[in-house]
1. Identify the single condition in (1) farther than 17 Å from Ala151 by Cβ; (2) crowded, with 19+ Cβ neighbours inside 10 Å that Gly112 does not satisfy, given that it satisfies every other one.
2. Can you name the condition, by its number, that Leu26 falls short on among (1) farther than 19 Å from Ala184 by Cβ; (2) modelled with pLDDT under 90; (3) touching a helix residue (DSSP H, G or I) at 6+ places or on another chain (Cβ under 8 Å)?
3. Do you know which residues across segment 121-139 are outside any loop (DSSP other than H, G, I, E, B) and surrounded by fewer than 13 Cβ atoms within 10 Å (Cβ to Cβ)?
4. What pairs can you find where one residue is in segment 86-108 and in contact (Cβ under 8 Å) with a residue 24 or more places away in the chain, the other is among the polar types (S, T, N, Q) and buried (at least 17 other Cβ atoms within 10 Å of the Cβ), and their Cβ atoms are less than 7 Å apart, with a gap of 6+ or different chains?
5. Quick one: count up the residues across segment 160-197 that are modelled with pLDDT of 80 or more, more than 14 Å from Phe80 (Cα to Cα) and in a helix (DSSP H, G or I).
6. With respect to the numbered conditions (1) over 28 Å from Ile200 (Cα atoms); (2) without any contact (Cβ under 8 Å) to a residue 60 or more places away in the chain, which one is the sole condition not fulfilled by Ala83?
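The values are calculated or read from the model by the stated rules, or taken from the named source; none is laboratory data. Everything quoted here is computed from the prediction, not taken from an experiment. Here the Cβ is made from the backbone with ideal geometry for all residues, glycine too, and neighbour counts use every protein chain on show.
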Amino acid sequence: MQLLKRFFSKDFLKRDLITAILAAMLFSMIFSLAGFEAKCNDLKQNILRLHIIANSDSAEDQALKLKIRDELLKKSNGLFETAGNKEQAIKLVNENTDFLKEVAHEVLLKEGKNQPVSISVGKAYFDTRVYDNFTLPAGEYEAVRVLIGKAEGKNWWCVMFPSMCVPAAEKEHKLTEAVNEKSAEIAENAPRYEMRFKIIEWYEAVKNKLKNIF
């Protein structure tokens, strides 16, 4: 009888109600983050990034990186305009790798440098990155990687597909050419989702470290 009285006491019912509310809030948060992560995955799976890494962080090597960037964007102007999706863009890169390397080497020769340059397409991990008017969440992306020399310096990146590298694009492109509108809305309104971006970044960083360990 004493146990029943305790069970139906106001304090017990109050604690039970608080527990139920907290559980509902937690479930709602997890459900919301799951939906947010799905939209982030849409971004990660359907865009192609350009990632240029300098030989070192010296002022000279950083300036050289930007010169190579400018020439690559200039000479590849319009090259990816015919791509309808990321896979087609990757195919175009693979078909034109020698041409792109030649462009980079011309810059190096002009600057009197003898650093090697490698260009390849592969998966690379990125932290949350802000670029002009949009933000991309942390995680693994397919990227065209341009490695200059020892590739130990700061990097520069942009989105190669859809063609949003300035001044590479001949016309204005939008993320919706590669991802759905809800995913694009997240990328273009990052401050609204700041906390969720941080949680995704933490989750992806842990996942990336575990991947490297195992």
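1. Gly112 satisfies all of (1) farther than 17 Å from Ala151 by Cβ; (2) crowded, with 19+ Cβ neighbours inside 10 Å except (2).
2. The single condition Leu26 does not satisfy is (3).
3. Filtering segment 121-139 for residues outside any loop (DSSP other than H, G, I, E, B) gives 121-126, 129-131, 134-136, 139.
If the condition is that a residue be outside any loop (DSSP other than H, G, I, E, B) and surrounded by fewer than 13 Cβ atoms within 10 Å (Cβ to Cβ), then Gly122, Lys123, Val130 are the ones that fit.
4. Short answer, once both residue conditions are applied: Lys86/Asn46; Leu100/Ser76; Leu108/Gln115.
5. Total satisfying the criteria: 10.
6. Every listed condition holds for Ala83 apart from (2).
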